[in-house]
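One structure below.
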Amino acid sequence: MSDWHWINLPGDRHEQVVADLEALPASDRGRPGTGRGMIVIQTNARSSFHVSFSHTEAPTRGTDVPCLRFVVGKRQNSMTSVGLGNPYLKKEPIDFTRQADALLTDTEKSRTYWFLYDREVAVAAMGVQANPQADSCRLLTRFKDCFSGFREEVCQQLRYVIVSSGKRPISLRVVHIDAPPDISIPRYLFDPVSWRELPWQGCSCVFQPDEAHLQLIKRAQQLIAASPLGTLYQLIGPDHLCLNAVRLLDPFRRTELQRQPQSVVVESTEEEEWRACFEEVDRRLVTVFHSAPWTFWPLRFERADCTSVSLAPIGPGAQECVGAWVSAVEAATGLRNSATHREMLTLDFAYQVFPVEGENAVQARRDLAREITALLQKEWGTMDFRDPKLAVWQTKAHWRPFQASYIPTAPTP
């Protein structure tokens, strides 16, 4: 849709259809259509305005017409909200934000907002600035849990984009309307549509948790899955839970090994180069790994959040052992450890796929972090991480122990 499309709306909640998503052409982002649309609006309005995605072109106010509705500057500019219906079902939004830049301007300085719904991932979101992305998102809800089946079904057939005023007249500019972009956090590493990880290669030295602590971590993952935020996170499989302590190679650092004069790696196909790199790192670590059966790091609980548990050595002696072993690996391989000290001692059990934005979502995250922290703080105690392995990573969260016959299954994206 062309730029500089100005709309002047009289007050008294006047509605105007600005787009039929089925009639819009395709762009670099794909083709908008029923259940998939995004609109960017610029305005210096000081009174509330509404953006709705509706089933029909008919006015939605006071009707049963299914619609997903965002309100900027609701309740005397105290919040920006998202919900179903006009007015909202039970007159309450699904979620809302009080972040200052998501509200109306109070200086008549122009501000830009974006709004979207994407039925492929069941995400409704709004944010600021002209280019939708995770960093500029200010409000997001996902209709994918067992409690949101009705909401997802309602939003499947959203076809028309409607803007409307509140009680007072407003003027706004429709910057453009397009297909919704990917606003997930691990872009190029995870496909939120198919909900699967994408190929990524590297190698590192890892320690696996013992059975007792593995079961404890699974209980923390169950808390995530049962929470209202469960659909915003991806859990890491039990076979791939580890302390990723010494990170040696990744797609951006492979040349560090290939440029070393003592390296036997030669230029070849992508798969053969990765295989040669892994074999070379394994060869250099033979001496260090001779002591693997009696290498251990005694670590205690330090803190936890919704995706990881951070650990700490039980004392100065353990701290020295950790540092000495990492130095030995770096010396043997000729590669630096790209993990910070905190990352070395952090065990990830989940990662965030979509932003946690909105007052209700943020409060749910606080509650979830409190539950996970209480569980791990009470039961973690001390664990001896033993028998390090050379791990070959196939995605950012999926690895397997190195084998000389290993051949990557897919090239690095």
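The values are calculated or read from the model by the stated rules, or taken from the named source; none is laboratory data. The model shown is predicted, which means the values in this text are computed figures rather than measured ones. Note that each Cβ is placed from the backbone with ideal geometry, even for glycine, and that neighbours are counted across all protein chains shown.
Restricting attention to the stretch 91-146, the residues that are part of a loop (DSSP other than H, G, I, E, B), among the aliphatic types (A, V, I, L, M) and more than 17 Å from the chain's Cα centre (by Cα) total 4.
Scanning the stretch 285-308 for residues that are assigned to a loop (DSSP other than H, G, I, E, B) and either closer than 30 Å to Arg366 by Cβ or of a type in the set (S, T, N, Q) (or both) yields Ser291, Thr295, Asp305, Cys306, Thr307.
Residue check: is Ser184 in the same structural domain as Ala125 (by TED's automatic domain parsing) and at pLDDT 95 or above? Criteria not met by Ser184. Could you look through the stretch 24-48, keep only residues that are over 22 Å from the mean Cα position of the chain (by Cα) and among the charged types (D, E, K, R), and pick out the one that is surrounded by the fewest Cβ atoms within 10 Å (Cβ to Cβ)? Among those residues, the one meeting the criterion is Asp28. Residues that are under 30 Å from Ser184 (Cα atoms), touching a helix residue (DSSP H, G or I) at 6+ places or on another chain (Cβ under 9 Å), assigned by TED's automatic domain parsing to the domain that holds Arg253 and part of a loop (DSSP other than H, G, I, E, B) do not occur anywhere in the stretch 309-330. Put simply, of Pro186, Pro209, Pro192, Pro199 the only residue that is farther than 30 Å from Trp6 by Cα and in contact with a helix residue (DSSP H, G or I) (Cβ under 8 Å, 6 or more places away or on another chain) is Pro209. Here is the figure for the stretch 33-66: residues that are in contact with a helix residue (DSSP H, G or I) (Cβ under 9 Å, 6 or more places away or on another chain), in a strand (DSSP E or B) and either more than 13 Å from Glu15 (Cα to Cα) or outside the structural domain of Leu139 (by TED's automatic domain parsing) (or both) total 3.
Set side by side, the residues Glu22, Glu108 differ, and just one is modelled with pLDDT of 95 or more, among the charged types (D, E, K, R) and assigned by TED's automatic domain parsing to the domain that holds Ala124, which is Glu22. Just to be sure before I move on: is Phe349 touching a strand residue (DSSP E or B) at 6+ places or on another chain (Cβ under 9 Å), over 25 Å from Asp135 (Cα atoms) and not assigned by TED's automatic domain parsing to the domain that holds Glu120 in the structure I sent? For Phe349, the condition - touching a strand residue (DSSP E or B) at 6+ places or on another chain (Cβ under 9 Å), over 25 Å from Asp135 (Cα atoms) and not assigned by TED's automatic domain parsing to the domain that holds Glu120 - is not met. Go through the stretch 174-201 residue by residue and tally those that are part of a loop (DSSP other than H, G, I, E, B) and more than 14 Å from Cys137 (Cβ to Cβ). Number satisfying all stated conditions: 11. Of the residues Val193, Val161, the single one that is aliphatic (A, V, I, L, M), surrounded by fewer than 20 Cβ atoms within 10 Å (Cβ to Cβ) and in contact (Cβ under 8 Å) with a residue 40 or more places away in the chain is Val193. Scanning the stretch 108-118 for residues that are surrounded by 14 or more Cβ atoms within 10 Å (Cβ to Cβ), out of contact with any Lys or Arg (no Cβ under 7 Å at 6 or more places or on another chain) and of a type outside the set (A, V, I, L, M) yields Arg111, Thr112, Tyr113, Trp114, Phe115, Tyr117. Being over 20 Å from Gly33 (Cβ atoms) and out of contact with any Phe, Trp or Tyr (no Cβ under 8 Å at 6 or more places or on another chain) is a description that applies to Leu104.
Taking (1) in contact (Cβ under 8 Å) with a residue 60 or more places away in the chain; (2) more than 30 Å from Ala100 (Cβ to Cβ) in turn, Cys321 satisfies each apart from (1). Please determine, by comparing only the residues of the stretch 55-107 that are among the β-branched types (Val, Ile, Thr) and over 20 Å from Val356 (Cα atoms), which one is surrounded by the fewest Cβ atoms within 10 Å (Cβ to Cβ). That would be Thr107. Condition first: assigned to a strand (DSSP E or B), out of contact with any Pro (no Cβ under 6 Å at 6 or more places or on another chain), at positive phi and not charged (D, E, K, R). Can you find one or more residues in the stretch 68-81 that meet it? Yes, because at least one residue in the stretch 68-81 is assigned to a strand (DSSP E or B), out of contact with any Pro (no Cβ under 6 Å at 6 or more places or on another chain), at positive phi and not charged (D, E, K, R). Inspection of the stretch 353-372 finds a residue satisfying the criterion of being crowded, with 16+ Cβ neighbours inside 10 Å, assigned to a loop (DSSP other than H, G, I, E, B) and either of a type in the set (Phe, Trp, Tyr) or more than 17 Å from the chain's Cα centre (by Cα) (or both).
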